[in-house]
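Asks: I am attaching a structure below and will ask some questions about it afterwards.
Where a number appears in this text, it was derived from the coordinates with a stated rule and is not lab data. Computed from a predicted structure; not experimentally measured. All Cβ positions, even for glycine, are placed from backbone atoms using ideal geometry, and neighbour counts span all protein chains on display.
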Amino acid sequence: MGSPLIVLTASNTEASEYKHSIWQQMLSATIPHKYSKTFFSQVSFENESWPDGRAKYVPNGLRMVETLLLRNYSEDDVVVCYLENLEKFVGPETKALAIHAHNPLGISYATDVYSKLAGENLMPLNAYEFLKIITHPVIKKYRPKIIVGGPGAWQLEKANRLDEFNIDYLIDGEIEMVFTELFERIIQNDPTLPRIIKIPKDKQPAVEDIPVVRHRSTFGVVEITRGCGRGCQFCSPATKVGRSFPLSHIMESVRMNAREGATEIMIASEDMFLYEQLPNFTPNVPALIELFKGIKSVPGIETIQTSHITMAPVVKDPSIIEQLTPYIVPYSHVHHKDSTDPKQCMIDPIIGLETGSPRLFNIFMKGKGYPYKSHQWRDVVVKGMEILNRHNWFPFCTFIIGLPGETDEDTKQSLDLLSDLRDAKGTFVPTFFVPLENTRMEKKSSAKLIEMTDLQWEFFFTCWKYNLEFWYGGSKANFKFSLGMPLYYNMLGKKLFGNGIKYPLMRFAGVPDRFMRKHMYLDFTGRPRNHAGMKPLDKEILPGFETIKGLNMIDASQLQIGRSSEPVHASGD
Ligand code: B12
Ligand code: SF4
C-alpha cells in the first residue's frame, strides 16, 4: 500500500490527556522544555496509538478537519497520527500534511508567563513539540503541502514565521462551510489562493452545518455550544455567533467517543450555562440535567468534566447549582479532601474572573457580569464562589494581569478580591494579557513580565500560595516548594526580575505573615486560612438567596453586545 494522500497531526502536548486533568495538561505544557526532564521529570506527553499507528485521540478541531475530508476521501486516504508515526505515514504519495495549532509558539496567555519565569528565551513544551513536527525530516524528504489551522494558528502569522517553517497555507477561523472547496484548490495548486486564509464571519456555520466528528477527541471533548454573546474585548469566541448543539448531535458524538475507548467526556463550551439558554443568559436547567443524564447513560462513560462557566448566573439563581450538582459532581474524576461528596468528588469548571477592578471590568468585559453592574463584580465573585463551594464546585479561576492601562489602584482592587477569596476552595491562576488575533484588542500590546510591578508580583505569588495550600497543604510537595523558592530567588529570580519579587516569593514559600506585613499590600496577620470554607458575605441574605441585597440588575440594552454575537438558538425558540 502506498502512503496516504493526506496526513493530519497535532503536537503531543496538545493531543495529550495528561493525568486526565485539563489544567495539569495546560500548565505542564507551559514548562520550559529545558527543565521538563529535570525537576519536572514526571511530565510526559506520551499518547496512545492504534496498532496500525493511527492516533487514538487528538484535539476536536483536528477531528473536524478529518471528518470534512472523509466526505470526499476514504479512510485509507486520510490518516491522523502523532509525531512518532509521521515517518510511517508521510510518503511519496502524500499531498498534504495538515497540522492543528492550539498554542503552537506558546505565546498565548499563561504559557508566555510561566515559561519565562525561568528566563526570557526559554521555549515552552507546547512550542517545542510543535517545532518537532514542523521541522520533521520527513517533510523535507517528501515535500507535502503544509497546512496549519486551529485556534492558535494566528500565532505563526503574528510571529512572522510562515517562511521559516515553509508553511504553505494558514487557515484561520471556522472551516465547516468552506474547507471542502478550499482543500481541493490547495491540492490543485490554485495560484489565486492566498497563503493566509481568514474565514469571514458570514461563513460561520449554523449548527446544522457542523457534522458529528467521526473519531475520538482528546479528553473526550464534545462541543455543546459554540460562540459567546457576552462580548469581552480580549476574547476570540466573543466574536463568534452563539450556537447551541441539539442533544441528538451531542449524544452521537458521546457514543462515538465511548466506542473508541473514551471513558470521560469533556463538554466544551465558552460557558456551559449558554447551552439551550433562555432569554437574557438564563441557564436552562432542565436541558442541562437532560444533557448530563444522557451522557452518563452511555455505556463506557464513567466521568464528565466541564470546560468553562460564568459566575453571574450562579449568583442570580443559586438554585441552579443546587439542582445541577447531583447530576455532575458524583461523575467527576477529580477529588479533594475538602469535598463533602461521599466519594470526595469535586468539579473544577474554568471561570475567567480576570480582575477585581470595576474600572477595568467596565472597559473591557462588562457583559461578563450581566445582569450585574461592573462595580458589583467583586461581590458577584465572592457570593458566587461561596455558592459553588457549598456544592463542591471548586473552580479553576483565571485572572488577567496587565490589561492595557492597569494602574496600581486597579491591582490593589484585584488584591482586595483575592483577599476576599482567602478561604475559597479553588485554583487561582494569574495569566498575562496577550492581544489575541480576532479580538477587539488585537492591536494592543502584550503585558511584559519584565515590567511587572511589585503589586502585580504580589498578586501573582499570592494566587500560587493559595493554590499550594489548597492542593498540597502541609504535604511534602509544599515543603519542596518552600525550599525551592529561596534558591530560585537567589540564583535566577533576582537577576531576571529584580527585588520586586522578593517578598511575594517569601510569602509563597511560607514565611510567616508577621514578617511580611510591612512589605506587602495584603496583610494576613491574625487571619489563618479557614479550612471550613468561606465566610458568607452577608449572613442575613444567606437562606434561599431569593433576593441579593445591593446587587441590582441592569438592563441588557446597556451592554455593548454586538448583534453578530447575540446568542442564536439551535432549537429556534
Ligand atoms: C476544550 C478546550 C481546551 C481543552 C482541550 C484542548 C485540546 N488539546 O484538545 C484544554 C482545557 C486542555 C485547553 C487548553 C488550552 N487552551 Co483551550 N479551549 C478549549 C475550547 C473550550 C474548545 C476547543 C474545541 O475543541 N473546540 C471545537 C473545535 C471544533 O473548534 P477549533 O478547535 O477551533 O477548530 C475549528 C477551527 O479552528 C479549525 N481547525 C482546527 N484545527 C485545524 C487544523 C487545520 C489544519 C485546519 C485547516 C483547521 C483547523 O476547524 C475547526 C472547525 O471550524 C476552546 C474554546 C472554543 N469553544 O473553541 C478553548 C480555546 C481554543 N483554548 C484556548 C487556549 C488559549 C488554550 C491554552 C493555550 C491555554 C493556556 N495558555 O494554557 C491551552 C493549550 C494547552 C494545550 N497543550 O493544548 C483559547 C484560544 C485562544 C486563541 N485564539 O488563541 C480558546 C479559544 C479559549 C478562549 N476562550 O480563549 N483548551
Ligand atoms: S464571557 Fe467573555 S471571556 Fe468568557 S467566553 Fe464569553 S466573551 Fe469570552
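Asks: When only alpha-carbon atoms count, how far does segment 108-231 stretch along each of its three principal axes, as whole angstroms with the largest first?
Replies: Taking max minus min along each principal axis of the Cα atoms, segment 108-231 gives 47, 40, 29 Å.
Asks: Further, regarding this structure: Give the order of ASP420, ASP209, ASP202 when sorted by the count of other beta carbons within 10 angstrom, beginning with the fewest.
Replies: Details: ASP420 19, ASP209 11, ASP202 8.
Arranged by neighbour count, lowest to highest, ASP420, ASP209, ASP202 become ASP202, ASP209, ASP420.
Asks: May I ask for the angle, rounded to the nearest 10°, between helix 125-134 and the longest principal axis of the chain, with both axes built from Cα atoms and the value confined to 0 to 90°?
Replies: Roughly 10 degrees, rounded to the nearest 10.
Asks: With N set to the residue count of segment 216-436, report its C-alpha Rg divided by 2.2 N^0.38 Å to two decimal places. Before the final figure, lay out each step's value.
Replies: Values: Rg = 17.3 Å, N = 221, 2.2 N^0.38 = 17.1 Å.
Here the Cα radius of gyration is 1.01 times the empirical estimate.
Asks: Two-decimal Rg/Rh of the chain from alpha-carbon positions, Kirkwood Rh? Spell out each step's value before the answer.
Replies: Values: Rg = 23.6 Å, Rh = 24.7 Å.
Checking Rg against Rh, the ratio lands at 0.95.
Asks: By counting other Cβ atoms within 10 Å of each Cβ, how are MET365, MET506 ranked from fewest to most? Provide the component values of the computation, followed by the final result.
Replies: On the way: MET365 23, MET506 19.
Fewest-to-most ranking of MET365, MET506: MET506, MET365.
Asks: Note down the magnitude of the dipole of segment 216-436 about its Cα centre, charges +1 on Lys and Arg C-beta and -1 on Asp and Glu C-beta and zero elsewhere, to the nearest 20 debye.
Replies: Values: 22 positive and 24 negative charges, 72 e Å.
Result for segment 216-436 is approximately 340 debye, rounded to the nearest 20.
Asks: If I take R0 = 30 Å and measure r between the Cβ atoms of GLU84 and THR340 in this structure, what FRET efficiency does the formula 1/(1 + (r/R0)^6) give, to the nearest 0.05? Don't skip to the answer; put the middle values down first.
Replies: Working: r = 44 Å, r/R0 = 1.45.
Calculated value: 0.10.
Asks: While we're on this one: Out of residues 5 or more away from LYS145 or on other chains, whose amide H comes under 5 Å of its own, with H placed 1.01 Å from N in the peptide plane?
Replies: Amide H neighbours of LYS145, under 5 Å, 5+ apart: ALA96, LEU97.
Asks: Is it possible to state the helix-based mean residue ellipticity at 222 nm for the chain, with each DSSP H run of 4+ residues giving -39500 (n - 2.57), the sum divided by total residues, to the nearest 500 deg cm²/dmol? What is it?
Replies: Numbers: 21 runs with 183 residues, N = 573.
After summing the helix terms and dividing by the residues of the chain, the value is -9000 deg cm²/dmol.
Asks: Continuing with the same structure: Provide LYS141, LYS158, LYS443 in ascending order of the number of other Cβ atoms located within 10 Å of each residue's Cβ, fewest first.
Replies: Numbers: LYS141 12, LYS158 15, LYS443 7.
Lowest count first: LYS443, LYS141, LYS158.
Asks: Working out 0.36 nm times the residue gap between SER482 and SER446, then minus their Cα-Cα distance, what length gain in nm do you get to one decimal? Walk me through the numbers before you get to the answer.
Replies: Details: separation 36, 0.36 × 36 = 12.96 nm, distance 3.08 nm.
Between SER482 and SER446, full extension yields 9.9 nm more.
Asks: Kindly provide the pair-distance distribution of segment 201-292 built from C-alpha pairs, with 5 Å bins from 0 and whole-percent values in order of increasing distance.
Replies: 3, 14, 23, 23, 20, 12, 5, 1
Asks: Which distance in Å, rounded to a whole number, links the C-alpha centroids of segment 96-171 and segment 504-529?
Replies: The two parts, judged by their Cα centres, are 41 Å apart.
Asks: Ok, one more. What does the convex hull of the Cα atoms of segment 6-206 come to per residue, in Å³, rounded to a whole number?
Replies: Once divided by residue count, the hull of segment 6-206 is 133 Å³.
Asks: If you filter segment 6-92 for chymotrypsin sites (Phe, Trp or Tyr not before Pro), then keep DSSP loop positions with at most 15 other Cβ within 10 Å, what is left?
Replies: Numbers: sites: TYR18, TRP23, TYR35, PHE39, PHE40, PHE45, TYR57, TYR73, TYR82, PHE89; in loops: PHE39, PHE40, PHE45, TYR57, TYR73, TYR82.
Sites meeting the loop and neighbour criteria: PHE39, PHE40, TYR73.
Asks: Got a sec? Which residues in segment 291-306 would a label at ARG255 touch, if it sits 7 Å along Cα→Cβ and we count backbone N under 12 Å?
Replies: Inside the label zone: 298-299.
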